[in-house]
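Enquirer: Before I ask anything, let me first share the structure, which is written out below as structure tokens.
What follows is calculated from the coordinates using simple rules that are stated; it is not laboratory data. This is a predicted model, so every value here is computed, not measured. Please note: Cβ atoms are built from the backbone with ideal geometry, for glycine as well, and neighbour counts cover all protein chains shown.
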Amino acid sequence: MGSTCCHKQLQAFSSQVCDNNNVSINKKSNHKEESPDGPPSKLPSQSVSVPQVYEEALVFNQLNQINNTKGAISEERLLIDLKEPFDASEKQDEIDERKEDFGAKKDEVDQIQLEKIIQAEKLEIQNETQQKQQQDTGTRKSPAASSKTVPHDPKDNSQSRKQSMASVGSVSVKFGVELFVNLKKQSITKVYTLGQVLGQGAFGKVWKVTHKTTGLIRAMKQIRKQELIKEDEQKLFSEMNLLKNLYHPNIVKLYELYQDSNNYYLITEYLCGGELFERIKKMNSFTEKRASDLMRQILMAVVYCHEQKIVHRDLKPENVLFSGTEPEALIKIIDFGCSRRFNSQKNMTKRLGTPYYIAPEVLNHNYNEKCDVWSCGVILYILLCGYPPFTGKNENEIFEKVKTGKFKFPIEEWDSISREAKNLIQRMLQVDVTSRYSASQALNDPWISKHAPNTQINQKVLENLAQFQAKSEFRAAIVQYIISQMTTNKELEDLQKSFQILDKNKDGVLSKAELVEGYTKVLKSKEQAEEYVEKIISKLDKNQSGVIEFNEFLMAAINEEKIISIKKVEQAFKIFDSDGDGFISRQEIEEVMGELNTDVWKLFLNETDGNNDGKISQEEFSKLILNK
């Protein structure tokens, strides 16, 4: 069947929508039970048969549900007690989530159908709430008389930081990496060669695939449309829309989306290093230095997500994968099926997650993004000793212990662990949310900083940034495409390290102050550094966010002689030239980038079309890209 990681690929997109039935991810409750009076038991080794403790629990059981038919999926997969009384606020939170996630995605979701669903549910909530009020007060009012407008979160500023070319109102092009992740209606077998099946569930299969033009290996999740009920389809699109806008070294990368009459196809990174969970089982625990390095990478991804106003809500070792098999391979956060955009002024109420890792305030239906920090605290505890801090014979026992927040550091396993490590865990596992660390505070904790790698920034990277000239918008777009779609993690490894050195607060973007600090160390003059940075930001900040994002940094800092090779330029042309006639038309560019503003297409032609025939030849394409 291949490695666990490969099987797990399907969970990188929608654990709730499509992956809960997959036999390869049946570890949601794989920790051993705790005896009532004895010490916590360790995670079983790889050779031990791992019991499914919660086969009858509300957590969705993948093994027992493989043969589910259409419509059989329900809220079982969430940690929601179905016996609880109706909670209008929690149902309203679900509606708000769905509204936020899909309201702006007209090109990918049938808005008319979605609005009907949302409006119907809103009316249902209003009527049920009103009926309850009527029962309490003995009065009767018409639905129309008591209806209220559903509150909407204020517009998320992070949304405006990335714009597609279709939204350009001037000749100055603004774009991000999400520009290339559009739902394409193209035969998947025309683009990819299918390899082995990595996993299979009720909704479809996960394949190892090879891009026919570039030869790069990807993971492809095939989802049968007929198996999806409308709610599952909406959650699938919600996750795709979140993931396509996330670009971070420690978050799984979504490359492409396809559909035909029968299936959706999601193309993502092929992560062959296995789950963090599996490595914990093999090693029982990690050294403090290694545990700190792993937690630092997890927290960097979480800080980045929180800065984008996205909360994960299901962080656990099973959702942390290694990019490769080498010991120091990067780790990647996957499975954004429980994620959503959040509003800092409004707490969330929907209770979901996984036992052992769920935060107490989530169980109480009133929480914010710090629920992710609690989960990270649990993961760190497990990394250092091999078992979770809150255990029990069943879900209720675990939840009661989680709510109290009381845990121990048994001497046998923890005597050799530093006080600094224990202090960090305690600060992350505070029941009082206001006293709990934020993700940023946890990342900057002395214990994490103490073990952080002391790497010097590559001066060549700073030189490339300062010398970058974006003379052509079309060239910038193609270079962006090559970096985001045709480049391996190994090729970008040095740049990722340089970016993280410059990114002092680890929020996933570079501010002016951070760049000035970096250049001052090299130039030995803050005044000169400020002049450099002003020019760099004016040239690099393509989406006018006021900061340099990771994809913008890569575009300017790469060694073009290595990354933008003749071979890759030729491959890029072939990808855009979908009909193979030797020319790129506007329609073909739109197949890759989405709908183009007319002014943008004219700009592209002005930059490339030397003979004014209204299309771009391979010679014109190569000349522009290779002659920077």
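Enquirer: Can you work out the FRET efficiency for the pair Ser622 and Asn489, with r the C-beta to C-beta distance and R0 = 41 Å, to the nearest 0.05?
Expert: Rounded to the nearest 0.05, the efficiency is 0.95.
Enquirer: Length gain on complete extension for the stretch Arg224 to Lys539, per 0.36 nm per residue less the alpha carbon to alpha carbon distance?
Expert: Here the answer is 109.0 nm.
Enquirer: Here's something else I'd like to know. Explain nothing, just compute: Karplus ³J(HN,Hα) = 6.51 cos²θ - 1.76 cosθ + 1.60, θ = phi - 60°, for every residue of the stretch 569-583 in order, whole Hz, x for Gly and Pro.
Expert: 5, 4, 5, 4, 4, 4, 5, 6, 7, 5, 8, x, 8, x, 9
Enquirer: From the backbone phi of the stretch 415-427, what are the Karplus-calculated ³J(HN,Hα) couplings (6.51 cos²θ - 1.76 cosθ + 1.60, θ = phi - 60°) in whole Hz, Gly and Pro given as x?
Expert: Per residue, the Karplus-derived 3J(HN,Hα) values read 4, 8, 8, 5, 4, 4, 5, 5, 4, 4, 4, 4, 6 Hz.
Enquirer: Once R0 is set to 51 Å, what does the formula 1/(1 + (r/R0)^6) return for the Cβ-Cβ distance between Ser435 and Lys282, expressed as a FRET efficiency to the nearest 0.05?
Expert: Calculated value: 0.90.
Enquirer: Return the long-range amide H neighbours of Lys212 (sequence gap of 5 or more, or a different chain), with a cut-off of under 5 Å between placed amide H atoms.
Expert: Those qualifying (amide H under 5 Å, at least 5 residues apart or on another chain) are Tyr192, Thr193.
Enquirer: Right, something else. Over the stretch 454-628, with a single point scatterer placed on each C-alpha, what log10 of the ratio I(q)/I(0) does the Debye formula yield at q = 0.13, 0.19, 0.20 1/Å?
Expert: For the requested q values the scattering log ratios are -0.69, -1.22, -1.30.
Enquirer: Report the Cα centroid-to-centroid distance between the stretch 555-603 and the stretch 209-288 in angstrom, as an integer.
Expert: Cα centroid of the stretch 555-603 versus Cα centroid of the stretch 209-288: 24 Å apart.
Enquirer: A further question follows. In debye, nearest 20: dipole of the stretch 499-626 around its Cα centre with unit charges on the Cβ of K, R (+) and D, E (-)?
Expert: With only Lys, Arg, Asp and Glu charged at Cβ, the dipole is about 660 debye.
Enquirer: Would you calculate the separation in nanometres between label points at Glu570 and Asn366, each defined as 7 Å from the Cα along the Cα-to-beta-carbon direction?
Expert: 6.5 nm
Enquirer: How long is the gain from Gln196 to Lys403 if the chain were fully straight, where each residue apart is worth 0.36 nm and the alpha carbon distance is subtracted?
Expert: The span from Gln196 to Lys403 would gain 70.1 nm if fully extended.
Enquirer: Another question about this same structure. Write out the trypsin sites (Lys or Arg not before Pro) in the stretch 326-399 meeting two conditions: DSSP loop, and at most 14 other Cβ atoms within 10 Å of their Cβ.
Expert: Lys393
Enquirer: Starting from the 7 Å offset along Cα-to-Cβ, what nm value, one decimal, do you get for the label separation of Thr455 and Asp415?
Expert: 3.7 nm
Enquirer: Please compute one quarter of the surface area of the Cα convex hull for the stretch 250-394 and express it in square nanometres.
Expert: With the hull built on Cα positions only, its mean projection is 10.5 nm².
Enquirer: Sequence-distant or interchain residues sharing an amide H contact under 5 Å with Arg340, placed H: which?
Expert: Val311
Enquirer: What full-extension length gain, to one decimal in nm, is calculated for Asn347 and Thr210 as 0.36 nm per residue of separation minus the Cα-Cα distance?
Expert: 45.0 nm
Enquirer: When ranked by the protection proxy of mean other Cβ atoms within 10 Å per residue, highest first, what sequence do the peptides 415-425, 489-499 form?
Expert: 489-499, 415-425
Enquirer: Return the sequence-ordered ³J(HN,Hα) values of the stretch 509-515 in whole Hz as given by the Karplus equation 6.51 cos²θ - 1.76 cosθ + 1.60 applied to θ = phi - 60°, using x for Gly and Pro.
Expert: Running phi through 6.51 cos²θ - 1.76 cosθ + 1.60 with θ = phi - 60° gives 9, 9, 7, 4, 5, 5, 5 Hz.
Enquirer: Can you list the residues, at least 5 places off or on another chain, whose amide H is less than 5 Å from the amide H of Gln430, using H built in the peptide plane?
Expert: It is Tyr437, by chain and number.
Enquirer: What whole-number distance in Å separates the alpha-carbon centres of the stretch 370-435 and the stretch 446-505?
Expert: About 35 Å separates the Cα centre of the stretch 370-435 from the one of the stretch 446-505.
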